[in-house]
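Down below is the structure, laid out as structure tokens.
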Amino acid sequence: MKLFIEIIGWIGAVEVIIAYAMNSNGKMKSDSVVFQMLNLTGSVFLIANTWFNAAYPSMVINVIWTGIALAALWRMRRK
């Protein structure tokens, strides 16, 4: 189980970094579904990892990050 949690934590970190880097370099817009899904799944994976490792301050940041991504996806869906 620990190995699985570590793997999804690393996948989540890579997803969030890819989304941020692509957006910062003009390769992906923040209003794209792909950008928001990378942030959403990345933050959910990081929540699992930080909860398992009792890193609660990081977990709170990722819970907020998840909420932001969900709100953005909801707004996109309504348009």
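The values are calculated or read from the model by the stated rules, or taken from the named source; none is laboratory data. Model, not experiment: these values are computed from the prediction. In this analysis, Cβ positions are derived from the backbone assuming ideal geometry, glycine residues included, and neighbour counts consider all displayed protein chains. Areas reflect the complete protein model, heavy atoms only, side chains present, ligands, DNA and RNA absent. Shrake-Rupley method; radii C 1.70, N 1.55, O 1.52, S 1.80 Å.
Quick one: pull the percent of accessible area on the chain belonging to carbon and sulfur, 1.4 Å probe, ligands and nucleic acids left out.
Values: 3990 of 5500 Å².
The computed percentage sits at 73.
Could you provide, to the nearest whole Å², the per residue accessible area of the chain with probe 1.4 Å?
Averaged over the residues of the chain, the accessible area is 70 Å².
Please report, ordered by residue number, every helix of the chain (full DSSP H runs) that is 24 Å or longer along its axis going by C-alpha atoms and whose mean Kyte-Doolittle hydropathy reaches 1.0. Could the numbers behind the result be given before it?
Working: long enough: 2-24 (33 Å, 1.35); 33-52 (28 Å, 1.33); 56-78 (33 Å, 0.66).
Helices meeting the span and hydropathy rule in the chain are 2-24, 33-52.
Sequence-distant or interchain residues sharing an amide H contact under 5 Å with Met28, placed H: which?
Counting only residues 5 or more places away or on other chains, the set is Asn23.
May I ask which residue of Thr66, Ile18, Ser30 lies farthest towards the positive end of the charge dipole of the chain, with charges of +1 (Lys, Arg) and -1 (Asp, Glu) on Cβ and the Cα centre as origin?
The one lying farthest along the dipole's positive direction is Ser30.
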